[in-house]
1. What's the ranking of 197-204, 132-139 by average number of surrounding C-beta atoms within 10 Å, highest first?
2. Please state the relative contact order of the range 149-232 as a whole percent: Cα pairs under 8 Å, 6+ residues apart?
3. Can you pull the percent of the range 4-74's accessible area that's carbon plus sulfur, 1.4 Å probe, other chains left in place?
4. Could you work out the helix-only [θ] at 222 nm for the chain, with each DSSP H run of four or more residues adding -39,500 (n - 2.57) and the total divided by the number of residues, to the nearest 500 deg cm²/dmol?
5. Please identify the trypsin sites (Lys or Arg not before Pro) of the range 68-158 that satisfy two criteria: DSSP loop assignment and at most 15 other Cβ atoms within 10 Å. Which are they?
6. Using θ = phi - 60° and the Karplus form 6.51 cos²θ - 1.76 cosθ + 1.60, what ³J(HN,Hα) does each residue of the range 107-113 get, whole Hz, x for Gly and Pro?
7. Send over a whole-number figure in Å² for the accessible area per residue of the chain, probe 1.4 Å.
8. Given Ser181, Ile171, Pro136, which one lies farthest toward the positive end of the charge dipole of the range 87-210, if we put +1 on the Cβ of every Lys and Arg and -1 on the Cβ of every Asp and Glu?
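The values are calculated or read from the model by the stated rules, or taken from the named source; none is laboratory data. Bear in mind the structure is a predicted one, so any value in this text is a computation, not a measurement. With ideal geometry, Cβ positions are generated from the backbone for all residues, glycine too; neighbour counts draw on all protein chains shown. SASA here: full protein model, heavy atoms, side chains in, ligands and nucleic acids out. Shrake-Rupley method; radii C 1.70, N 1.55, O 1.52, S 1.80 Å.
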Amino acid sequence: MEQHITIDGVIVPFKPGETIMQAASAANIYIPHLCHHPEFKPHGSCKLCTVNVNGRNCSACTFPAEFGQQVLNQTDELNKLRLRIIQMLFVEGNHLCPACEKSGNCKLQATAYQLGMLDSHFPHFYKAHEVDSSHPDLMLDRNRCIFCTLCVRASRDVDGKEIFEISGRGINKHLVVNSPSGKLHDSGMEMDDRAADICPTGALLVKRQGFSVPIGKRTFDNHEISEDLDEQ
Ligand code: SF4
């Protein structure tokens, strides 16, 4: 018998070993997420993919699909929870969308739009983190980092370089660069590394490409992030 779960009442097949997120993506069902990426092992840190499974909340990106699960995804309660998480991410960093090179291509911004975010709700309380523009081709603005660890995983698991790590806790949490100077220029990072274009926000950017795509033609100008399942 085919293995399946239901998501918001829709029957969704899955293969043994798949997570709820993998089953949902294969069925073209969008579950909001930022730290999840299909190429990498799940991290389960952003909590945007929180769904309700048989009455209990859990992260869809790490929770295994099991026959008969009743999963709730698009409910007012869960989307309110996700909205508060996105609002917390915005106040914990310096996310000035209109001035950011990533605007229109940013998954944080697109997810905020998708969840209907109209204000930040919480007071801003981030501290200023170092901007690293030492690399000839890349720039790192830690103030836009949401600690998704995608660059950490991409550098370690695909590039085999282990250039990034998250350090510190609370307001002191920040992205560190593994190099003699602690900066990107002597880290061994290259422009065509997988880690160089994996960042969902404008924290890690390839230089001289900002604003090259005009408004109206950027990734999320003409469709919502919920319609962009192929890349997620
Ligand atoms: Fe994620 Fe970007 Fe921060 Fe790396 S720099 S942890 S990819 S937000």
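1. Numbers: 197-204: 23.1, 132-139: 17.5.
Going by the mean number of other Cβ atoms within 10 Å, highest first, we get 197-204, 132-139.
2. Values: 80 pairs, mean separation 18.2, N = 84.
For the range 149-232, the relative contact order is 22 percent.
3. Whole-percent figure for carbon plus sulfur exposure: 54.
4. -5000 deg cm²/dmol
5. In loop regions of the range 68-158 (DSSP not H, G, I, E or B), the sparsely surrounded trypsin sites (Lys or Arg not before Pro) are Lys127.
6. 6, 4, 4, 5, 5, 4, 4
7. Here the residues of the chain average 51 Å² of exposed surface.
8. Looking along the dipole axis, the top candidate is Ile171.
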